[in-house]
Each structure stands twice: as structure tokens, then as C-alpha cells.
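Right, one structure below, let's go through it.
The values are calculated or read from the model by the stated rules, or taken from the named source; none is laboratory data. Quick caveat, the model's predicted, so the values are computed rather than measured. Here the Cβ positions follow ideal geometry from the backbone for every residue, glycine too, while neighbour counts run over all protein chains shown. Remember, those area values only see protein heavy atoms, side chains included, never the ligands or the DNA or RNA. Shrake-Rupley method; radii C 1.70, N 1.55, O 1.52, S 1.80 Å.
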Amino acid sequence: MNQKVILHLDMDAFFASCEQAHDKTLKNKPVVVARNNDKSIIVAASYDARKYGIKAGTPIFEAKKLAYGELIIKEGNRDLYEEYSERIFNLIKEQFTYKVEILGIDECFIDATNIWKKYGNVKNLSLAIQTAVYQETGLTCSIGVSFTRLFAKMGSDMKKPNGITIITKENYKTLIWNKPIKDVIGVGVSSLEKMEKLNVETVNDFIKLDEKIIENTFGLVGQKMFQKLNGIKNNEIAYWDTTMKSISKEKTFEKRNMSIEEIEEVLFRLTEKVVIRMQNNNLLAKTVSLSIKFYNQEINFDKKEHKKRKSYSETFIEYTDSLEKIYSTVKTVLDDIYEGESISLIGIGVTNLLEKDKLVKQQTFENIII
């Protein structure tokens, strides 16, 4: 493959699967996420529930009948789902590539153009990602692989759960063009009504339409869809996450009497994790901070000060992703403030982040001005 290689990763029955992974007693049981009210409809259903014919949108009263009294209803836990989501996306960025475009809490695009060869082929890469996600979370995901975003996204839905579908320039007409047009992502109700009048039922029917008819009936939206369904363009991944303002890691100590050597070892490992995440996201930092919570061992103490977190920061002259530079800075801060007190928590964070490519462009521009 010389063209773009795009993966679309879609978690399987995400909300319900998170509930099962979090509570092992729910494994292999018909779990649904919904308000426990007979008039409510189901938001998500585990694959064990789907065996009974239960799916998202099924009313609770009907699901209870289908599952013969075995239905387990969870009210939903957004914090839990977001925690799993963050673990999954961070894992992909740290172990595979920073070129990840997050689409929602349970799906993302991955630009694998420059990494798939390390795994021999795209299937091996996809299997490696599935294995890593499962080992980290106990959850499964389905992956679509293709040379465009649309085909990759449609592919991830073809073999669920835990499936891999590879759509190439050689097979996309067979895999995509035979599908109902209503199954194409981006085709809305209004477009479907117009297609019905043109007797368009499949993708192939739409492709065969005269381009003038497409232009006159559907306008620019139809023209773009025609291009996408022919595998033209539609292959850029917006992987830079402009919402990322900081990266941090911290560790809580279970025992109070930690030696300075043990504390420094923990601090180094935390710094290492932060730097790896920076590098995997192609980021540089200008400010580093050290956070500490001390145990107050005196009998009489101020409750407001007890275990209060204190933060100390340093700002570099230049942006950096150097492990040595960042660790030496936080260690110096630790040496300055630590007087042998018992520590309950220590953390390291970086802020004032900049994408590495943007720094290069910025420096080039400054050199031109000079």
C-alpha cells in the first residue's frame, strides 16, 4: 500500500461493555444502560443482551420480556465511560501513533500510513491494537482499514464485535457499492427521500446516476458524496488535539516512611510517562510543575493544611521534550523544598504546550524576519 492507510476504531457496545469490565460479576450477562423505568428506552445493550433481540432503542418493558427476567439495568456512569475512553486513546497515542482524531467517547480515526510496515501488514497492526486495548481495559473494538475516512468508518461496522475489515482500491466496489444507500454515513432523511424518487436503493444505483442529475438534485453535498463513494480524496486525519492544555501524572503513596531514593524513583517514572505522552503527541512544553501533598504528623494541626496539595513550577527559556531536562528541573525543585516530611502524593505536570511542527514553522518565520 502506497496510499494513505486510515483506521477507524469503534468500541463494541461501549457503555454496556464498560459496566461489564468494571464489575466482573456482570460478565456474560444481558446488561443494558438505561433509566430503570418501563417507559424508558435503552441507550446501550451488551452483546449478551442482543442475543435476546434487545438493542439500543428498545423500550425497557419490552426488553424485560425478551430477557425472561434476567435483564440487568445500569443507570449509566459517564465518569466511568470517560475514564475508559481516555485510557484507550492515550494507549493508542503512546504505543502506536499520535496521529489520532477522536470522534467521540468510543471511536477515533488513526493515520497509520507511516507505521503499518513495522507490523508487516495492516491486519497485524489492527490485531496489535485490538490486543493492546483488550489487555489494558478488558474491552473489545472493531476496526475498519481503508484509504479513505468513509470506507474505514463503514468497514468498522461490517464485522462486529472484535472484527477487522480491510477495504482496498481493489475490493471497495464489491464491499461498498452493493450496500443499501441508507447505510452510507452522511446520507440523511432528506437525501433518502430524493433518492427514493430516483429509484436509488443501493450505492451502485447512486453511482450510476448522471453527474448532472446528482448536481441538480443534491447540489454540492451530492457531488461530494459521489466523490467519497468513488474513493476520491477524503483521507485527511485532523489528529492535532487543540484542547490538550496540559499533561500530568501523579502517584499516591500507601506507606508514609518513603526514603528520598524511593521518592526520586517514583518521580522519575512519572516524568518518563509524561515525556513519552508528549513525544507521542508531537508536543513540546515550556512549563513544568511539581505537586506534593504532605502528611502532617503533629498531634495539633490545622485541618485546612492537613494533606493540602502544594504546587511549584518552573518555566524554561525554550520549549522542550527532553526527559533529562524536565526531570532534572523537578528534582531540583524537590531538593529545594523537601525536608524529610512524609509525602502522601507526588505528581508532575507540563503546561504551556506547543506542537513541535508549529515551533519549527515559528522559528523559520523568525529567522526570515531577522
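Screening the candidates Glu75, Glu94, Glu82, Glu86 for the property of being surrounded by fewer than 17 Cβ atoms within 10 Å (Cβ to Cβ) and either of a type in the set (Val, Ile, Thr) or over 30 Å from Ile237 (Cβ atoms) (or both) yields one hit, Glu75. Which of the residues that make up region 347-370 are over 25 Å from the mean Cα position of the chain (by Cα) and either modelled with pLDDT of 80 or more or acidic (Asp, Glu) (or both)? Hit for region 347-370 is Glu366, nothing else.
Looking only at region 183-222, which residues are of a type in the set (D, E, K, R), out of contact with any helix residue (DSSP H, G or I) (no Cβ under 8 Å at 6 or more places or on another chain) and loosely packed, with under 12 Cβ neighbours inside 10 Å?
The first filter runs over region 183-222 and keeps only residues of a type in the set (D, E, K, R), leaving 183, 193-194, 196-197, 201, 205, 208, 210-212, 215.
Applying the additional criterion that residues be out of contact with any helix residue (DSSP H, G or I) (no Cβ under 8 Å at 6 or more places or on another chain) yields 193, 196-197, 208, 210, 212.
Across region 183-222, the qualifying residues are Glu193, Lys197, Lys208, Asp210, Lys212.
Among the residues of region 110-148, those identified as open to solvent by 50 Å² or more (accessible area, probe 1.4 Å) and either assigned to a loop (DSSP other than H, G, I, E, B) or under 21 Å from Ile176 (Cβ atoms) (or both) are Asn114, Gly120, Asn121, Lys123. Among the residues of region 150-182, those that are outside any loop (DSSP other than H, G, I, E, B) and open to solvent by less than 30 Å² (accessible area, probe 1.4 Å) comprise Leu150, Phe151, Ala152, Met154, Gly155, Ile164, Thr165, Tyr172, Ile176, Ile181. Screening region 319-359 for residues that are among the basic types (Lys, Arg) and closer than 18 Å to Glu272 by Cα and picking the one that is surrounded by the most Cβ atoms within 10 Å (Cβ to Cβ) gives Lys331.
For every residue, the table says whether it meets (1) modelled with pLDDT under 90; (2) of a type in the set (D, E, K, R); (3) not in a strand (DSSP E or B).
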{"position": "Ile213", "(1), (2), (3)": "no, no, yes"}
{"position": "Gln223", "(1), (2), (3)": "no, no, yes"}
{"position": "Ala238", "(1), (2), (3)": "yes, no, yes"}
{"position": "Met244", "(1), (2), (3)": "yes, no, yes"}
{"position": "Glu250", "(1), (2), (3)": "yes, yes, no"}
{"position": "Phe268", "(1), (2), (3)": "no, no, yes"}
{"position": "Leu284", "(1), (2), (3)": "no, no, no"}
{"position": "Gln297", "(1), (2), (3)": "yes, no, yes"}
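Between Ala56, Ala112, Ala67, which is among the hydrophobic types (A, V, I, L, M, F, W, C), in contact with a helix residue (DSSP H, G or I) (Cβ under 9 Å, 6 or more places away or on another chain) and over 21 Å from Met278 (Cα atoms)?
None of the others qualify; the one that does is Ala67.
Candidates Ser259, Ser342, Ser313, Ser289: the one that is at negative phi, at pLDDT 90 or above and polar (S, T, N, Q) is Ser289. Residue-level analysis places Thr287 among those that are β-branched (Val, Ile, Thr), surrounded by 15 or more Cβ atoms within 10 Å (Cβ to Cβ) and within 30 Å of Ile343 (Cα to Cα).
Those residues that are touching a Phe, Trp or Tyr at 6+ places or on another chain (Cβ under 8 Å) and either under 10 Å from Leu139 (Cα atoms) or not in a strand (DSSP E or B) (or both), I need them from region 1-15; list them, please. Residues satisfying the conditions are Met1, Gln3, Lys4, Val5, Asp12, Ala13, Phe14, Phe15.
Determine which member of the set Gly219, Gly186 is part of a helix (DSSP H, G or I) and without any contact (Cβ under 8 Å) to a residue 60 or more places away in the chain.
One residue alone meets the criteria, Gly219.
Once region 97-108 is narrowed to residues that are modelled with pLDDT of 90 or more and part of a loop (DSSP other than H, G, I, E, B), the residue that is least open to solvent (accessible area, probe 1.4 Å) is Thr97. Of the residues contained in region 58-73, none is found to be under 25 Å from the mean Cα position of the chain (by Cα) and either basic (Lys, Arg) or part of a loop (DSSP other than H, G, I, E, B) (or both).
Taken together, Ala49, Ala63 contain a single residue that is crowded, with 22+ Cβ neighbours inside 10 Å, among the small types (Gly, Ala, Ser) and over 24 Å from Ser156 (Cβ atoms), which is Ala63.
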